[in-house]
Each structure stands twice: as structure tokens, then as C-alpha cells.
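S.K.: There's a structure below that I have some questions on.
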Amino acid sequence: MKLGELIKNVKVKKIINEKDVEITGISYNSKTVQKGDIFVCLKGEHTDGHDFAKNAVENGASALFCEKEMPFDIPQVLVESTRHQIADIASEFYGNPSKKINLIGVTGTNGKTTVTHLIQRIVEDSNHKCALIGTLGYKLSGKDTYHDAKHTTPQAPELQKTLKMICDEKIDYAAMEVSSHALEQNRVGNCEFNGAVFTNLTQDHLDYHITMNNYFEAKAILFRNLKPGGFAVINNDDEYAQRFKSVVPEGVKIYTYSVKKDADVTACDIDFSIHGAKFDCKINGKIKKVNLQMNGMFSVYNALAALTAGIAMGFDVDTCIKALEETKSVDGRFEIVNKQPLVIVDYAHTPDGLENVLKAARELTPSDSSLICLFGCGGDRDATKRPKMGKIADDNADIVVVTSDNPRSEDPQLIISDILAGIKSVSTQRIFVEPDRRTAITMLKKIAKQNDVVVLAGKGHEDYQILKDKTIHFDDREEARKVFGC
């Protein structure tokens with residue numbers, strides 16, 4: 001593609017060394033630049049791509065996409081923000097693929113991964129192909145293999161390349177997790193969404209967004225940009241529900257779901273057991289019985305979100321419900337890895353997520369047994385949620401084991417101290433502290449009795465741990481199976 005064609009829809013400040021060179025790829029990593037690439041000088045939280053432009057030019061870059069003039073004789077396209085405008089050239093380069101598929105975006109603090117998986121199952125059981133993009137990577141329709149992704153929502157070039165691949169595979173639907181970072185940084189810029197789903201909004205990522213209002217505004221971008229004829233699915237029980245409804249443009253149909261209020265789709269008479277959640281679902285005045293294999297109130301909400309999306313897309317209600325009932329838990333989401341004691345691994349890494357998982361686990365805990373929670377908090381992330389999560393664990397579990405999550409550059413002991421600040425009394429009978437997560441899980445062998453319920457929270461599907469100087473292989477599920485011999 002010629003440079004002129006690539007930037008035809010880009011708001012350009014100035015072009016230096018203007019020449020309509022051939023562009024064969026887009027790169028923002030100088031180490032991986034190939035001959036013919038346009039190199040995007042991205043400004044990140046810790047690095048500035050302009051500092052690596054020389055390397056990119058030496059590696060064969062044909063042009064630069066930058067915010068200031070650089071001392072090189074190749075064409076330079078100057079823009080206001082490379083971070084926010086990389087999506088413009090990425091979408092153009094890959095042929096604007098989102099316009100050729102039914103793209104459904106799912107956003108919220110918790111539940112995105114499960115809801116996208118449930119939507120995929122509903123679409124495929126309705127005889128359509130559906131791809132997935134999200135925390136676990138991307139997965140094409142009919143495939144079991146996930147392709148790794150560095151972010152919940154990939155950077156624009158990777159995302160647009162993936163969407164083109166989906167188009168090339170003749171897949172007509174895609175369900176995508178859309179993170180607040182991706183929305184605020186415009187990674188999904190130029191993506192045309194047919195529908196958007198809102199799960200919930202609770203404290204997370206305040207190290208980045210600073211305030212809950214900023215966090216909401218980032219999430220709201222997905223809904224503000226919906227095109228007429230699209231749909232918005234909103235959790236009517238969430239305190240931000242009305243604010244999300246208020247930003248939906250005219251011509252976009254709003255669908256709601258609820259457990260506590262009136263909505264288009266509601267659940268009542270909910271019952272939990274080790275086998276899953278059962279409830280009556282009211283849709284347009286008709287009652288449908290739903291028997292999920294997944295557990296917990298959060299699973300009910302996730303199922304309602306996906307079911308409502310299925311209805312919004314025009315699929316048969318009974319087919320949608322059957323798809324939900326036949327779906328087992330997603331990897332690392334309330335995943336049971338041992339029966340006696342009952343050991344549950346969950347990705348819960350926010351105050352609300354941890355509380356939801358512990359309440360769901362409490363439903364499965366016999367009255368004469370203990371609910372045990374092992375968790376930590378990530379380093380280099382919002383520190384204000386640490387004491388809150390300590391309090392939630394203290395209030396909802398009988399025994400708490402505080403350990404490390406992904407400490408990154410922080411001292412694990414200092415993170416633990418922040419968590420312990422939220423615990424009323426650090427009793428040695430019910431509060432245990434062990435910075436090494438592997439050792440902490442091993443300790444459970446002595447702490448947990450046969451009928452107890454153990455929740456390993458925070459890492460879920462992750463098979464690694466990020467330490468100060470390295471990343472190691474680490475999987476809560478593997479460690480639990482070693483300890484309990486399952």
C-alpha cells in the first residue's frame with residue numbers, strides 16, 4: 001500500500017520528506033521492524049518510541065509516523081498523538097475489517113472473558129461462526145487453541161490484523177473483550193461495533209485512570225461510538241447503568257438485564273449447588289428454566305448478559321439458553337480443581353471480584369466447615385484496593401492466607417503489609433502470611449480439612465508469575481493438584 005493511501009483518512013499536522021513510498025507493514029517496536037514498514041513512534045508510560053526511530057530506520061523502515069520532526073531523510077508523517085492515531089493507519093492497512101463482520105464488544109470490570117465465551121457459544125449454536133478476542137488470547141471459530149495476546153485488547157495493528165484474519169476465514173461474528181485502557185488509548189479506534197455489552201463497574205485500574213469518573217468515561221467510549229441500528233446491553237442492577245444508558249446514541253436499541261429490578265431479561269428463584277446455578281428467567285413475560293453448570297451470582301449475571309446479547313442479535317431464546325446450560329466454566333473462572341477439600345481457582349483480582357467469588361464459595365461451604373481464601377495483590381498497580389481486598393477476605397472467609405500475586409518491581413512484603421492494613425485482627429489462628437505463593441499453596445495441605453472449601457484467587461488462568469527481575473512459570477491449578485494429589 002502506498003503511504004498516501006495509508007494516511008488518506010488521518011488528521012496530519014505535517015509531512016516531512018514527502019514521497020509516496022510503498023508501505024508493507026506497521027511496526028512500533030524498532031527491534032522487529034522489517035524493510036518497508038512504517039515505524040510508529042509510540043509514547044508509552046515508560047518509553048518514548050521517538051528515541052528508537054534511529055534503530056527503526058537502520059532496520060529498513062520506509063517512513064515514520066511521529067509527533068515531532070526527526071533527523072532522517074525518509075518520509076515522516078507528523079500527527080498530534082501517535083498513540084491515539086495508530087488505529088487510523090492500522091485499520092486502513094488491513095482493509096477496515098471490522099466493517100465486514102458482526103463485532104460485539106464486551107466491557108466492564110469483571111465478567112468480560114466469561115461473557116464473550118458465552119456469546120461465542122450462543123452464536124455458534126445458532127449456526128454461525130464466531131471468533132473470540134480477549135484476555136486468554138484470540139481463538140478462531142471451531143478451534144480449541146488460543147493464540148497468545150499481550151493485552152486483554154491488543155494494540156491496534158495486532159487487533160486489525162486479527163480482525164482481517166477472522167474475515168479471511170469467512171467468520172461472520174466476533175466477540176471481543178474491550179478494556180478501559182484500550183478504549184482510552186484508542187486501540188479499538190476505527191472498529192465498527194454492531195453491539196456493546198456492559199457487565200459492571202467497580203474499582204480497578206485507578207493507578208491508571210485515577211478516578212472512577214475517568215474509568216467510567218473510558219468504558220463509555222464503546223457505547224458513545226455505536227452506530228444507528230446497533231444494540232447496547234446493560235446491567236440494570238449496576239449503579240452506573242443509567243449513566244451508560246444516557247450515552248447511547250439515538251438509533252441504538254437498549255436491552256437490559258437484572259436480578260433485582262425490572263428489565264428485559266430477569267432472573268429469579270436462584271439456587272446454588274456444587275453442580276451449578278439454577279434460576280427462572282423471565283423474558284417478555286414468559287418464564288424459562290435455566291440450569292447452569294457454572295456457579296455463583298456473578299455467573300448468573302454473566303449468563304444474563306450473554307443471553308440478552310443473543311436476544312439482541314435475533315437468535316432463538318431456547319437455543320441461547322441451551323448454549324448457556326451446556327457451557328462449563330471458562331479456564332480460571334471459578335474452576336474446580338479438587339473435590340475434597342473443594343479447591344476453586346478464580347481470576348478475581350479486584351475488591352468486587354473477590355467478594356463475589358467468596359460469596360459464591362460460601363454457598364458451597366458446609367455449615368461445619370471452613371471457607372479458606374488465598375490471595376495477593378499485583379505490584380505496580382492500584383495500591384488503594386489492597387486494604388479493601390484484605391477487609392473483604394477477612395469479612396467473608398474463615399481463614400485467610402495472604403501471599404504474592406504478580407509483585408513486579410515492588411517488594412512483596414510491602415504489598416502484603418498494605419493488604420493486612422484492611423484486616424481487623426491478624427490472628428495466627430485464622431490469618432496466615434507467606435510471601436512465596438508456591439509455599440503458601442503447599443501450606444493449605446495442613447490448613448484445609450476434607451470438607452473445607454479453598455479459593456485460590458487472583459491469577460486464574462495465568463501460567464506465569466511476574467517477579468522483580470524475571471517471569472517464571474507458575475499456575476495455581478498445577479500447584480493445587482500437586483499439593484492435593486489430584
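The values are calculated or read from the model by the stated rules, or taken from the named source; none is laboratory data. The structure presented is a predicted model; accordingly, all values stated were derived computationally and were not measured. As a convention, Cβ positions derive from the backbone with ideal geometry for all residues, glycine included, and neighbour counts pool all protein chains shown.
S.K.: Here are some residues: Y257, Y347. Which one is in contact with a Gly (Cβ under 8 Å, 6 or more places away or on another chain) and surrounded by 24 or more Cβ atoms within 10 Å (Cβ to Cβ)? Let's see the steps before the verdict.
M.R.: Numbers: Y257 fails: in contact with a Gly (Cβ under 8 Å, 6 or more places away or on another chain).
Just one listed residue meets the conditions, Y347.
S.K.: Do we have C167 as part of a loop (DSSP other than H, G, I, E, B) and either under 29 Å from H128 (Cα atoms) or among the aromatic types (F, W, Y) (or both) here?
M.R.: On the way: part of a loop (DSSP other than H, G, I, E, B): no; either under 29 Å from H128 (Cα atoms) or among the aromatic types (F, W, Y) (or both): yes.
So C167 does not fit the description; no.
S.K.: How about the stretch 404-486: which helices (runs of 4 or more DSSP H) wholly inside it have at least 2 residues that are over 24 Å from E335 (Cα atoms), assigned by TED's automatic domain parsing to the domain that holds C373 and in contact with a Gly (Cβ under 8 Å, 6 or more places away or on another chain)?
M.R.: Working: elements: 412-420, 437-447, 476-484.
Passing ranges, in order: 412-420.
S.K.: Can you confirm whether Q120 is crowded, with 20+ Cβ neighbours inside 10 Å and in contact (Cβ under 8 Å) with a residue 60 or more places away in the chain? Full working, then the answer.
M.R.: Details: crowded, with 20+ Cβ neighbours inside 10 Å: yes; in contact (Cβ under 8 Å) with a residue 60 or more places away in the chain: no.
No: the conditions fail for Q120.
S.K.: Hey, can you tell me all the residues within the stretch 21-41 that are in contact (Cβ under 8 Å) with a residue 40 or more places away in the chain and among the charged types (D, E, K, R)?
M.R.: E22
S.K.: Quick check, is A383 free of Cβ contacts under 8 Å to residues at least 40 places away in the same chain, surrounded by fewer than 20 Cβ atoms within 10 Å (Cβ to Cβ) and among the hydrophobic types (A, V, I, L, M, F, W, C)? Don't jump to the end; show me each part of the working.
M.R.: Details: free of Cβ contacts under 8 Å to residues at least 40 places away in the same chain: no; surrounded by fewer than 20 Cβ atoms within 10 Å (Cβ to Cβ): yes; among the hydrophobic types (A, V, I, L, M, F, W, C): yes.
No.
S.K.: In the stretch 307-351, which residues are more than 18 Å from E479 (Cβ to Cβ), part of a loop (DSSP other than H, G, I, E, B) and of a type in the set (S, T, Y)? Talk me through it step by step, then tell me what you get.
M.R.: Of all residues in the stretch 307-351, those more than 18 Å from E479 (Cβ to Cβ) come to 307-330, 350-351.
So of that shortlist, the ones also part of a loop (DSSP other than H, G, I, E, B) come out as 313-316, 326-330, 350.
The answer is T327, S329, T350.
S.K.: Quick one: which of E80, E67, E45 is on the phi < 0 side of the Ramachandran plot and in contact (Cβ under 8 Å) with a residue 40 or more places away in the chain? Write out each step before concluding.
M.R.: Details: E67 fails: in contact (Cβ under 8 Å) with a residue 40 or more places away in the chain; E45 fails: in contact (Cβ under 8 Å) with a residue 40 or more places away in the chain.
From the options E80, E67, E45, the qualifying one is E80.
Residues checked against (1) of a type in the set (D, E, K, R); (2) assigned to a helix (DSSP H, G or I); (3) touching a Lys or Arg at 6+ places or on another chain (Cβ under 8 Å); (4) at pLDDT 95 or above:
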{"position": "F65", "(1), (2), (3), (4)": "no, no, no, yes"}
{"position": "K68", "(1), (2), (3), (4)": "yes, no, no, yes"}
{"position": "F72", "(1), (2), (3), (4)": "no, no, yes, yes"}
{"position": "H84", "(1), (2), (3), (4)": "no, yes, no, no"}
{"position": "S91", "(1), (2), (3), (4)": "no, yes, no, yes"}
{"position": "G95", "(1), (2), (3), (4)": "no, no, yes, yes"}
{"position": "K99", "(1), (2), (3), (4)": "yes, yes, no, yes"}
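S.K.: Would you tally the residues in the stretch 1-49 being closer than 18 Å to S81 by Cα and either part of a loop (DSSP other than H, G, I, E, B) or not aliphatic (A, V, I, L, M) (or both)?
M.R.: 21
S.K.: Hey, another quick one. Test of understanding: among K289, K261, which residue is in a loop (DSSP other than H, G, I, E, B), of a type in the set (K, R) and assigned by TED's automatic domain parsing to the domain that holds I234?
M.R.: Working: K289 fails: in a loop (DSSP other than H, G, I, E, B).
Matching residue, one of K289, K261: K261.
S.K.: Can you report the number of residues in the stretch 30-58 which are exposed (fewer than 14 other Cβ atoms within 10 Å of the Cβ), closer than 16 Å to P157 by Cβ, in contact with a helix residue (DSSP H, G or I) (Cβ under 9 Å, 6 or more places away or on another chain) and not basic (K, R)?
M.R.: Result for the stretch 30-58: 1.
S.K.: When the stretch 279-300 is examined, which residues are found to be within 21 Å of T113 (Cβ to Cβ), of a type in the set (A, V, I, L, M, F, W, C) and touching a residue at least 40 places away in the same chain (Cβ under 8 Å)? Lay out the reasoning, then the answer.
M.R.: Of all residues in the stretch 279-300, those within 21 Å of T113 (Cβ to Cβ) come to 290, 292-300.
Subsequent filtering for residues that are of a type in the set (A, V, I, L, M, F, W, C) retains 290, 292, 294, 297-298, 300.
Those that are within 21 Å of T113 (Cβ to Cβ), of a type in the set (A, V, I, L, M, F, W, C) and touching a residue at least 40 places away in the same chain (Cβ under 8 Å): M294, M297, F298, V300.
S.K.: Could you check V300 against (1) more than 30 Å from E192 (Cβ to Cβ); (2) surrounded by fewer than 22 Cβ atoms within 10 Å (Cβ to Cβ); (3) assigned by TED's automatic domain parsing to the domain that holds I119 and say which number it fails?
M.R.: (2) is the only condition that V300 fails.
S.K.: How do the pairs read when you match residues in the stretch 169-196 that are on the phi > 0 side of the Ramachandran plot with residues anywhere that are buried (at least 23 other Cβ atoms within 10 Å of the Cβ) and of a type in the set (S, T, Y), using Cβ under 9 Å and keeping only pairs 6 or more apart or on different chains?
M.R.: From the stretch 169-196, the pairs are N190/S91; N190/S98.
S.K.: Oh, and also: Mind checking which residues of the stretch 376-399 are at pLDDT 95 or above and more than 24 Å from Y464 (Cβ to Cβ)?
M.R.: P387, K388, G390, K391, I392, D394, D395, N396, A397, D398, I399, listed by residue number.
S.K.: Continuing with this model, one more query. For F279, state whether it is in contact with a strand residue (DSSP E or B) (Cβ under 6 Å, 6 or more places away or on another chain) and either charged (D, E, K, R) or not in a strand (DSSP E or B) (or both).
M.R.: Working: in contact with a strand residue (DSSP E or B) (Cβ under 6 Å, 6 or more places away or on another chain): yes; either charged (D, E, K, R) or not in a strand (DSSP E or B) (or both): no.
Judged against the criteria, F279 is not a match.
S.K.: Need the failing condition index for A90 against (1) without any contact (Cβ under 8 Å) to a residue 40 or more places away in the chain; (2) more than 20 Å from the chain's Cα centre (by Cα); (3) crowded, with 22+ Cβ neighbours inside 10 Å, just the number.
M.R.: (1)
S.K.: A further question on this structure: Checking the conditions here, which among S404, S370 is modelled with pLDDT of 95 or more, among the hydroxyl-bearing types (S, T, Y) and in contact with a helix residue (DSSP H, G or I) (Cβ under 7 Å, 6 or more places away or on another chain)?
M.R.: Numbers: S370 fails: in contact with a helix residue (DSSP H, G or I) (Cβ under 7 Å, 6 or more places away or on another chain).
Going through S404, S370 in turn, the sole match is S404.
S.K.: Hey, A457 hits all of (1) hydrophobic (A, V, I, L, M, F, W, C); (2) within 21 Å of A383 (Cβ to Cβ); (3) surrounded by fewer than 22 Cβ atoms within 10 Å (Cβ to Cβ) but one; which does it fall short on?
M.R.: (3)
S.K.: While we're here: Taking the stretch 363-380 only, how many residues are assigned to a loop (DSSP other than H, G, I, E, B) and within 19 Å of L456 (Cβ to Cβ)? I'd like the intermediate steps shown before the answer.
M.R.: Pass one, the stretch 363-380, residues assigned to a loop (DSSP other than H, G, I, E, B): 364-370, 376-380.
Within this subset, residues satisfying the condition of being within 19 Å of L456 (Cβ to Cβ) are 364-365, 369-370, 376-379.
The qualifying residues number 8.
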